[in-house]
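The structure under discussion appears below in the form of structure tokens.
The values are calculated or read from the model by the stated rules, or taken from the named source; none is laboratory data. For clarity, every value in this text was computed on a predicted model and none was experimentally measured. When we count neighbours, we look across all protein chains shown, and the Cβ atoms used for this are built from the backbone with ideal geometry, even at glycine.
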Amino acid sequence: MAQVREIKSRIANVKDIKQITKAMNAIAMAKVTRLKKQLNGARPYQEVINSKLKLLSNHGSKEEVDEEETISSLLEQGDGDAIGLAVFNSDRGLSGNYTVDINRSARDFVRSKEAEVKLFAGGEKASTFFRKWDQLETSWVNFYEEPDFEVAEAIGNELLDYFISGSIGELWVIYMRFISDLRQELKIEKVLPLSPDEMGSKSEIEGSEKDRASRREEDYLFDPDQDEIVSGFLEEWFMERIFWIILNTKASENAIRRKAMRDATDNANELIDDLTLTYNKARQQEITREIADIIGGAEALREE
């Protein structure tokens, strides 16, 4: 009977876990749906702001500009020799290899650079992984669980301070880009200093739109001044880029968690079926032994 009770207890435990994974799957599904709407809402702005920045930069390169003049410090290599690396990870686990892949990529990036690397850890999983590293400068724990532009702006301003003050000469980011519910891509990108080529590579607009913008380039008039417009607009682009990265990070995290919890629920169902079959066999053996004991006792009484 001990074996039967043990199997029955395991079945109950697996059913409890199944309820948890099923609920987490539903929560992750709701979050992915909401974040996809945010991504779809932010995508047109991303396309336009990327195309306009490319346009402004290309227009400026055609004019005679003093080489010593600087439209914005974001367009030039920073004064610092160190490299900044912002790692955008999760605050919670139960999301497959999501947290491990990002942390390992960040680790490999640090080890591949001869220059000093200063780490900025986003999410508790990154903060915990790098907390004993001397390179860790700061971390944001439970800060962008619900992403909005104010959160992105706070992170962006902190990173900008490091770049403008000369603590770092360039800034890289590691995050998971959301492509679809079933596909996410690990990205390592340099976001500071900005350059027209990098802006163009990050733009997701169609080639025809780029061509049209290029043809209209000469028709633009800048007021009050091109340098002033570009200088302010570059900072806005950077803040929007951080917001875009955070949205992709959280959408990818919840999409991967949803799949992991769905797989866990399916595995729980299979385990419950296997344990139920084992339980029925064990119970049948117990009943058979009890019947055999009863028959044997009856036969012994008859012989007496």
Determine the pairs where a residue that is touching a residue at least 24 places away in the same chain (Cβ under 8 Å), located within region 279-292, has a partner that is part of a helix (DSSP H, G or I) and among the charged types (D, E, K, R) with Cβ atoms under 8 Å apart, the partner being 6 or more residues away or on another chain. Tyr279/Lys8
Counting only residues that are within 15 Å of Trp244 (Cα to Cα), touching a helix residue (DSSP H, G or I) at 6+ places or on another chain (Cβ under 8 Å) and either of a type in the set (Gly, Ala, Ser) or in a strand (DSSP E or B) (or both), region 141-179 contains a total of 9
Restricting to region 113-149, give me the number of residues that are more than 22 Å from Pro193 (Cα to Cα) and over 18 Å from the mean Cα position of the chain (by Cα). 4
Return the pairs, sorted by first residue and then second, in which the second residue is buried (at least 16 other Cβ atoms within 10 Å of the Cβ) and acidic (Asp, Glu), the first residue lies in region 28-40 and is closer than 16 Å to Glu145 by Cβ and in contact (Cβ under 8 Å) with a residue 60 or more places away in the chain, the beta carbons are less than 7 Å apart, and the residues are 6+ apart or on different chains. Val32/Asp181
Of the criteria (1) at positive phi; (2) part of a strand (DSSP E or B); (3) among the polar types (S, T, N, Q), which one Thr138 fails: (1)
Write out, first by first residue and then by second, each pair whose Cβ atoms fall under 7 Å of each other, whose residues are 6+ apart or on separate chains, and whose first residue, in region 160-180, is within 17 Å of Glu236 (Cα to Cα) and in contact (Cβ under 8 Å) with a residue 40 or more places away in the chain while the second is among the aromatic types (Phe, Trp, Tyr) and surrounded by 16 or more Cβ atoms within 10 Å (Cβ to Cβ). Leu160/Phe238; Leu171/Phe163
Could you say whether any residue in region 66-77 is charged (D, E, K, R), within 30 Å of Leu271 (Cβ to Cβ) and at pLDDT 70 or above? no
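From the list Lys22, Lys37, exactly one residue is closer than 27 Å to Ile272 by Cβ, of a type in the set (Lys, Arg) and part of a helix (DSSP H, G or I). Which is it?
Values: Lys37 fails: closer than 27 Å to Ile272 by Cβ.
It is Lys22.
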State whether one or more residues within region 98-113 are out of contact with any strand residue (DSSP E or B) (no Cβ under 9 Å at 6 or more places or on another chain), of a type outside the set (A, V, I, L, M) and modelled with pLDDT under 90. no
Neighbours by Cβ (under 6 Å, 6+ apart or cross-chain): first from region 230-247, touching a residue at least 60 places away in the same chain (Cβ under 8 Å); second surrounded by fewer than 22 Cβ atoms within 10 Å (Cβ to Cβ) and aromatic (Phe, Trp, Tyr): Phe243/Phe149
Residues (in contact (Cβ under 8 Å) with a residue 12 or more places away in the chain and either among the small types (Gly, Ala, Ser) or touching a helix residue (DSSP H, G or I) at 6+ places or on another chain (Cβ under 8 Å) (or both)) located in region 108-121: Ala115, Val117, Lys118, Leu119, Phe120, Ala121
Taking the criterion of being out of contact with any Lys or Arg (no Cβ under 6 Å at 6 or more places or on another chain), at pLDDT below 90 and surrounded by 13 or more Cβ atoms within 10 Å (Cβ to Cβ), would at least one residue in region 260-277 satisfy it? no
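If the requirement is being at pLDDT below 85 and among the hydroxyl-bearing types (Ser, Thr, Tyr), which of these qualifies: Ser252, Ser214? Break it down into steps so the answer makes sense when it comes.
Details: Ser252 fails: at pLDDT below 85.
Answer to the selection: Ser214.
Tally the residues that are among the acidic types (Asp, Glu) and closer than 26 Å to Leu182 by Cβ, restricting the search to region 236-279. Steps first, answer last, please.
First pass over region 236-279, keeping only residues among the acidic types (Asp, Glu): 236, 240, 253, 263, 266, 270, 273-274.
With the extra rule that they be closer than 26 Å to Leu182 by Cβ, the set shrinks to 253, 263, 266, 270.
Residues that pass the stated criteria total 4.
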